[in-house]
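Here is the structure we will look at.
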């Protein structure tokens, strides 16, 4: 059972995470497709102009995203990355306990913080608007996030040990990796993000998580 102190930790991390995810620190310009100008020859006075029977091909329309749409994409991506980082932290903690690099007590302490992080992410899943490219994966990511929190609780209650944590967290991390790879391709193709910009966003989210953890007593 969570203590009052741990409940406060959840609330604090939740507030920090939801605030951080709404900050569009990396804003991408709207994508505008400008087709190249076509050069049309002007017929001479002696030429006969024959009307074309072909159906004219419409020019590509400009794709312009509002700041709100771009902010939603950014926020959605950071929620997905945040979930992945939480699961990765749980895996690294279980590995540390198993190899005796960290004590069981310290492992449980970190695991509880992971539980707080997944609770914060769960609130973000519930409250966030969803960009089109994230909709097909939203429920699966939220379910996976809940599984991480469940692993923390079972480990803390000594229903499972670090070995079982590692076995179960691996499949969840594989799910995260696959979904993130899909949405990152779509973010590049549809919204014009580069691989370097996505890497910067992942690092930014990791830094925000680290700051939230360091601020905990």
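Values in this text are rule-based calculations from the coordinates and carry no lab data. Just so we're clear, the structure is a prediction, and the values are computed from it rather than from any experiment. Using ideal geometry, Cβ is built from the backbone for each residue, glycine included, and neighbour counts are taken over all protein chains shown.
Based on the Kirkwood radius over alpha-carbon pairs, what value in µm²/s does the Stokes-Einstein equation return for the translational diffusion coefficient of the range 135-217 at 25 °C and 0.890 mPa s?
Result for D is 164 µm²/s.
Please give the Cα centre distance for the range 62-101 versus the range 124-183, rounded to the nearest Å.
Taking the Cα centre of the range 124-183 as reference, the centre of the range 62-101 is 10 Å away.
Return 128, 83 ranked ascending by Cβ neighbour count within 10 Å, so the fewest neighbours appear first.
The fewest-first ordering by Cβ neighbours comes to 128, 83.
Expressed in nm to one decimal, what extension gain is obtained for the pair residue 157 and residue 140 from 0.36 nm per residue of sequence separation less their Cα-Cα distance?
On the way: separation 17, 0.36 × 17 = 6.12 nm, distance 2.58 nm.
Between residue 157 and residue 140, full extension yields an extra 3.5 nm.
For 133, 185, 148, what's the fewest-to-most ordering of other Cβ within 10 Å of each Cβ?
Fewest-to-most Cβ neighbours within 10 Å comes out as 185, 133, 148.
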